[in-house]
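The values are calculated or read from the model by the stated rules, or taken from the named source; none is laboratory data. Here the structure is a predicted model, which means the values were calculated and not measured. Here the Cβ positions follow ideal geometry from the backbone for every residue, glycine too, while neighbour counts run over all protein chains shown.
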Amino acid sequence: MNTFALEIFDDEGKKCTFYTVRWDDSELSETDKFIEKYENDENFEQYLDELLSLILDKIANIGASSHLKFRFENSAEALPPNERRTVSLLNIKYPNSPLRLYCLRWSENLVILFGGGEKTSAKAQDGNTSSAFRNANEFAKRIFEAMREGEIYVSTDGRTFYNSYDEDEQIIL
């Protein structure tokens, strides 16, 4: 079984810390790979900018509460949200974005970002998002299992994951 690290992606928001995952044999996290793939593509640049603004400017500062209606994707979830009320509340310019970034909303203060892709079919498990969808669900299951087994825990302020064995060590699952 491949191992992956759970790493901080962004912790500068007032309310929410974002983690990401990186395969042990990779230099880039799954979220960074997603960003690199679309950041210089003129067909997706505006959608990526909007998605990153949603994450780093909006959710980071208001929290990832359940009323934001992340897209349910089995064990994982996805952004951007798809409910009109949520889109309106967050002032999302591109509610029909072709991009999906998979994640796990652990709590209002903690979200783990995975990879993503261009949604090219009705079902997330089909089309260009199929690999990212499968990986996201596997990551989510392994994180839930590690929490149940006591391998990782969340800090008292609810914004940091720790390794149960040594708080200073990297979290490898």
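Checked against (1) among the charged types (D, E, K, R); (2) farther than 17 Å from C103 by Cα; (3) part of a helix (DSSP H, G or I), K33 meets all criteria but (2). Just to be sure before I move on: is Y102 surrounded by 15 or more Cβ atoms within 10 Å (Cβ to Cβ) and part of a strand (DSSP E or B) in the structure I sent? It is true that Y102 is surrounded by 15 or more Cβ atoms within 10 Å (Cβ to Cβ) and part of a strand (DSSP E or B). Give region 76-99 a look and list any residue that's modelled with pLDDT of 80 or more and surrounded by fewer than 16 Cβ atoms within 10 Å (Cβ to Cβ), or say none. Within region 76-99, P98 is the sole residue that qualifies.
Conditions tested, residue by residue: (1) touching a Cys at 6+ places or on another chain (Cβ under 7 Å); (2) farther than 15 Å from I112 by Cα.
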{"position": "N2", "(1), (2)": "no, yes"}
{"position": "W23", "(1), (2)": "no, no"}
{"position": "E36", "(1), (2)": "no, yes"}
{"position": "Q46", "(1), (2)": "no, yes"}
{"position": "G63", "(1), (2)": "yes, no"}
{"position": "H67", "(1), (2)": "no, yes"}
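When K123, K119 are checked against the criterion of being modelled with pLDDT under 90, touching a strand residue (DSSP E or B) at 6+ places or on another chain (Cβ under 8 Å) and basic (K, R), a single residue qualifies: K119. One residue stands out among those in region 46-61 that are farther than 15 Å from R100 by Cβ and in contact with an Asp or Glu (Cβ under 9 Å, 6 or more places away or on another chain): the one that is surrounded by the fewest Cβ atoms within 10 Å (Cβ to Cβ), which is D49. When you go through T17, T3 one by one, which is the residue that is touching a residue at least 12 places away in the same chain (Cβ under 8 Å), hydroxyl-bearing (S, T, Y) and closer than 15 Å to W106 by Cβ? After ruling out the rest, the residue left standing is T17. The residues of region 38-65 that are of a type in the set (S, T, Y) and without any contact (Cβ under 8 Å) to a residue 40 or more places away in the chain amount to a single one, S53.
Against the test of being in a loop (DSSP other than H, G, I, E, B), more than 20 Å from T160 (Cβ to Cβ) and touching an Asp or Glu at 6+ places or on another chain (Cβ under 8 Å), the options N2, N43 yield a single qualifying residue, N2. In summary, D10 fulfils each of the numbered conditions (1) surrounded by fewer than 16 Cβ atoms within 10 Å (Cβ to Cβ); (2) in contact with a helix residue (DSSP H, G or I) (Cβ under 9 Å, 6 or more places away or on another chain) with the single exception of condition (1). Evaluate the following for I62: is it more than 22 Å from F139 (Cα to Cα), modelled with pLDDT of 80 or more and of a type in the set (V, I, T)? For I62, the condition - more than 22 Å from F139 (Cα to Cα), modelled with pLDDT of 80 or more and of a type in the set (V, I, T) - is met.
Of all the criteria given as (1) under 23 Å from R159 (Cα atoms); (2) part of a helix (DSSP H, G or I); (3) without any contact (Cβ under 8 Å) to a residue 40 or more places away in the chain, the one not satisfied by L28 is (2).
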